[in-house]
Amino acid sequence: MKRFLDSFRIMLGGEPRRPGKDDFTPEARELHAYKRRPEVAKKRIAMIREEQENPVLVIKWRVRRWISIIIINLLFVVSFWYDVQLIEGALTASRVVGFHMADVNAALQVVLAYKVLVLNLLIGIVTVTIMWWIVGGRSFCAWCCPYHLLAEFAEELHLWLAKKGLVKDHPLHRGTRSVLYVIFVLLALVTGYTVFETISPVGILSRALIYGAGVSLLWVAVLLLIEIFYTRRFWCRYICPIGLTYGFVGKTSPVVVQYNLNHCLHEGKCIDVCLVPHVIDMTRKGRADDVIINVSADCTRCGRCVEECPTGALTFKIRGTGGLL
Amino acid sequence: MKKLSKRQRDQRRTLLLSFLAGGAAVGASLLGYVPVLRDFAHRLRPPGALKEKLFLSSCIKCGQCVQVCPVEAIVLADMSDGFGMGVPYIDARKQACDFACDTPQCILACPTGALSHDINKKEEVRMGVARLVRPDACLARQGKGFKGLARGADFPGLHRYMDVDRWSPIKIADYPYDLESCDLCVRECPIKDAISMQPMSDDPDDKRRTPVVHDPCVGCGMCEMICPVEPTCITMEHNEPGMQGERI
C-alpha cells in the first residue's frame, strides 16, 4: 500500500526518496551489503568497464514500438482513404469494427465541458480504459501516440546537439503536469469548452494524418523545436495530461517492467534513456528496498531501459503468471 | 540578503521556468477563445448539430461524421477556429449536404451526441435556413431560363439525383440542365415544400418568378450549392438563436 501511494506521489511530481533503514527487506539488505564488499565492487566496476569497451546497440523494442505506432495510425488513415471501415474516426474517438472507443482524456474533456455522458461515449471510455489497463496504461504513449514517435526523433537530435555542447536541457518541475491537469479539468468545467484539445498535439497529429494537414501542425512544430533546443521531452514529461490519465489507468496493469537487483550493475544507462527516470530510481545503488520490484505508474512500457540494460536487470513481465511469461 | 547555494538557485530557476511553461501552455490553449468569442468562424454545422456553444463542448473532434458522409460534405475546422478546431462544418457552396440519407449517417456516427440523437425524423433537423440574399441577380426573378452545367464543368460537387441513382452520388458537372425558367433551387431541394417559385405579378404572361423559402427548410444548403449565379443568390443563415429542435 505504501509503495502504491508513493508511486502516485512520484508520478504527480514528488521526488523519489531514499528508503529508510527499516524499509529494506532482509534479502535486499543482504544483497546491498554484499555489493558493498570491496572485491565485489571491484568486479562490478571491471564488468562495467568491459561492457563500455564493447558497446552493443539493441533497438529491438524501439523497432517494435515504431512499427506499432505506425501501423495503428496507418490503420486509421487506410480505413478512411480506402473505405475499409476497420477503424473509423481519429485517436480522440473511433469505432473499431463498429465498436466504440474513446480516448479517456479527450472524453473527460467532453464530459466536463458538455456535462452530459451519452452511452456510446461511456462504452468507448470503458473499452479503452480496459484495453490500455491490460497492456500498461501509459503504453498508449509509447506504443500508439504519433507525437511520441516524432518526439523520440526530436530527443535524439537534442541529445546529439547536447553532446556537441550546442544545446542544454532545461528541466522543469515534474509537478507542472499535475497542476496543468487540474487547470485543464477546471477550464473544461468552467468555460464549457474542451480547452485542452486546442493544444493537444495528439489530436492535431491524428486528424492531420487522416483528414489532411492544416495550420495547426505549426503548433506541433513549435513543440518539437522546444524539445530539440531547450527542454528534453518538454511535452511528454512536463505537460501532457493524457500521459497522466493513462498513468493512473496503468498503475495496476498486468504488463510491467520488472527490476531485479541481483543482476543490476548500477551504471545508470537506463536512467539516461528513460522518459520518466523517476520510475526507475531504485536502480541507483542502495535505493532498491526489495530484490524484485515492479516499475510503476508513470512507466510508458517503452522498453528503452530493457534494451539498454546489458545484464537483463530490467525485463518485461506479466504479473500473476508466475514468471511464465 | 542571504546568499543562495547553486542548488537553491537551480531549483528556483526550474520552478520559474515551470511556471512560465505552464502559463504558456494554458495561455496558448485559451487563445482558442478569441475566434469563438469574436465569432470569426460562422459555420454551417452538420445535420443535428446542437446549438453552437454546446456543439463545441460536446464534439470530441474525431471526424467520424466526415468519414461516413456519402457526399463528402463535412470537413473539420483548423486551428483558426480556436476551440472549434477539429469540429465539423459544411461549406455549402462547395459541397452541400444533399440531405438524401434516409437517416443522416453523420448523426448515427457521432459518438458524443454533438449531432443530436434526439431526432426522430430527418425533417426535424435545423441546420439553418435558406435566404435569398441577392434577389436582383436571381435568374428566375429576371424571367430567365438556364441551360448547361449548373456550376461549370470543373465543379467537383456531388449530389444524389433521384432520377439517376437514389443511392450513389454523381458530380453535378455530369448532369446538364435545360430549363425554360430557372428553378434549380426548387428542383433540387430535398425537402418537401421547403421552397417554391411564386409568380411576381398577376400578369399570366409575366415569366418572372421568385423563390420563397417556407417553414420546412432544414438549411442543408443544397440550393446554395446548385445556384448557377456567381456568387450565389441564396445562402444559409445559421448559428442563429435556436438551432436544433427549435425554429429559427
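Where a number appears in this text, it was derived from the coordinates with a stated rule and is not lab data. What you are looking at is a predicted structure, and each value in this text was computed from that prediction instead of being measured. Cβ placement follows ideal geometry from the backbone for every residue including glycine, while neighbour counts extend to all protein chains displayed.
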Study note, to complete from the structure: Within the range B:74-86, the count of residues that are at the interface with chain A (Cβ under 7 Å from one of its Cβ atoms), of a type outside the set (S, T, N, Q) and in a helix (DSSP H, G or I) comes to 3
Check your understanding: Among (1) within 22 Å of A:Cys141 (Cβ to Cβ); (2) more than 9 Å from chain B (Cβ to nearest Cβ); (3) not aliphatic (A, V, I, L, M), where does A:Ser94 come up short?
Key -> (2)
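Determine which member of the set B:Pro104, B:Pro35 is under 19 Å from A:Ile199 (Cα atoms) and either out of contact with any His (no Cβ under 7 Å at 6 or more places or on another chain) or surrounded by 24 or more Cβ atoms within 10 Å (Cβ to Cβ) (or both). So that I can check it myself, show each step before the final result.
On the way: B:Pro104 fails: under 19 Å from A:Ile199 (Cα atoms).
Exactly one residue qualifies, and that residue is B:Pro35.
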Practice item. Return only the number of the condition from (1) exposed (fewer than 14 other Cβ atoms within 10 Å of the Cβ); (2) on the phi > 0 side of the Ramachandran plot that B:Asp118 does not satisfy. Key: (2)
Review point. Looking at (1) without any contact (Cβ under 8 Å) to a residue 40 or more places away in the chain; (2) small (Gly, Ala, Ser); (3) outside any helix (DSSP H, G or I), can you tell me which one B:Ala173 breaks?
Key: (3)
